[in-house]
Structures are given as structure tokens and as C-alpha cells.
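K.L.:
I'd like to ask you about the structure that follows.
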Amino acid sequence: MEIRNQQFAKSIRGFNEEEVKSFLLRLAQDYETIYSENSQLKENIQRLKFELERYRKMEETMNNSLILAQQTGEMLKANAQKEASMMLEDSKRVIADMLTAYQEVVKRLNLFNLELKQQLSSELEMIEKNQKKTEELSTFFHNQDVKDLLANLNKLKLEEKV
């Protein structure tokens, strides 16, 4: 507006007034165009700065999320390894306890078998002694003297009844 409204003093040998006005008009139009473009470019720069800042914040958020995801993954992996180690140790302990119990059962079975053998052995001895006594008694009762004694007893019974 200043260029359009600018007034010059007149002199005798001055420039052609129409050419000066035409030049000033063209100059004002070019200045307005440049000023308008400059204003639009400043707005674009501000908008682009805002978007750039937004993208930087998004990038920072994504980086933080990625770091957090990595840390969480490592933590989960460490926890899984720790849990697996604990399960392995528990399994080892249970297996050791079971083997100890099995060994104790085998030991008790061996002791029971030994006691049973001893008991059966003594029972077998007793049976053999009884068998010998039975054979002795059988021999005694099958002896001729016992047979004669029985025959005499039977005769006595018969004589008493008569």
C-alpha cells in the first residue's frame, strides 16, 4: 500500500509520470505477490515444524515402546529360564526322593525275604523234627511188641465181657 500511495514531487525535467506510475504499480503488485508468498511459506514452515515435532514425538514414543518391548521380552525370557530351572531342580529332587524311597522299599523287601526265609527254614526244621518223631512213633506202634500188647488188651476186653 505504501508503494501504491507514494507521491513524488514534480520537477521540470522529471520522469514521465505514467511510466513512473506504471512502474510503481508493477512494483507494488510484485511486492504484494512476494509478500503473500512469503506469508504462505512462513505458514507452511510453521505447519511443517509442527508436523516434524509431532513425528519426532511419535518416533520417541515408538523408540520407547520398542525399548520397553525388548526389556519385557528379556524379562519374560529370564523369568521363563528361572522357572524352567526351578522346575528342573524340583524334578531332580522328586526323582531323588523317589529313588531313595525305592531303595528303602527294596531294602525292606530284602530284609522281609531274609526273615521269611529264616522263618520258613525254622518251620521246615520243625516239620522235619515232627516227621522224624512221627516216623519214630509209627515204628514204635508197628513194632511187634506193641501189636502183641494190643492183641492181649483186646483179649482182656473180651474176657471181661463174658
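K.L.:
Please enumerate, by chain and number, the lysines with C-alpha under 22 Å from the C-alpha of K10, excluding those fewer than 8 residues away in the same chain.
P.N.:
Result set, ordered by chain and number: K21.
K.L.:
Pop out the ³J(HN,Hα) list for segment 112-117 in order, Karplus 6.51 cos²θ - 1.76 cosθ + 1.60 with θ = phi - 60°, rounded to Hz; leave Gly and Pro as x.
P.N.:
4, 4, 5, 4, 5, 4
K.L.:
If the only charges are +1 at each Lys and Arg Cβ and -1 at each Asp and Glu Cβ, what is the size of the charge dipole of segment 29-127 around the Cα centre, to the nearest 20 debye?
P.N.:
It comes to approximately 220 debye.
K.L.:
State the label only: which of [x] 17.2; [y] 15.8; [z] 30.9 corresponds to Kirkwood radius over Cα pairs in Å computed from the shown model?
P.N.:
Label [z] holds the value from this structure.
K.L.:
So, one more: Among all the aspartates and glutamates, which ones have a C-alpha under 16 Å from K57's C-alpha, if same-chain residues fewer than 8 places away are not counted?
P.N.:
Leaving aside aspartates and glutamates fewer than 8 places away in the same chain, none come within reach of K57.
Each value in this text was obtained by applying a stated rule to the coordinates, not by laboratory testing. Quick caveat, the model's predicted, so the values are computed rather than measured. Glycine gets a Cβ as well: all are built from the backbone with ideal geometry, and neighbour counts include every protein chain shown.
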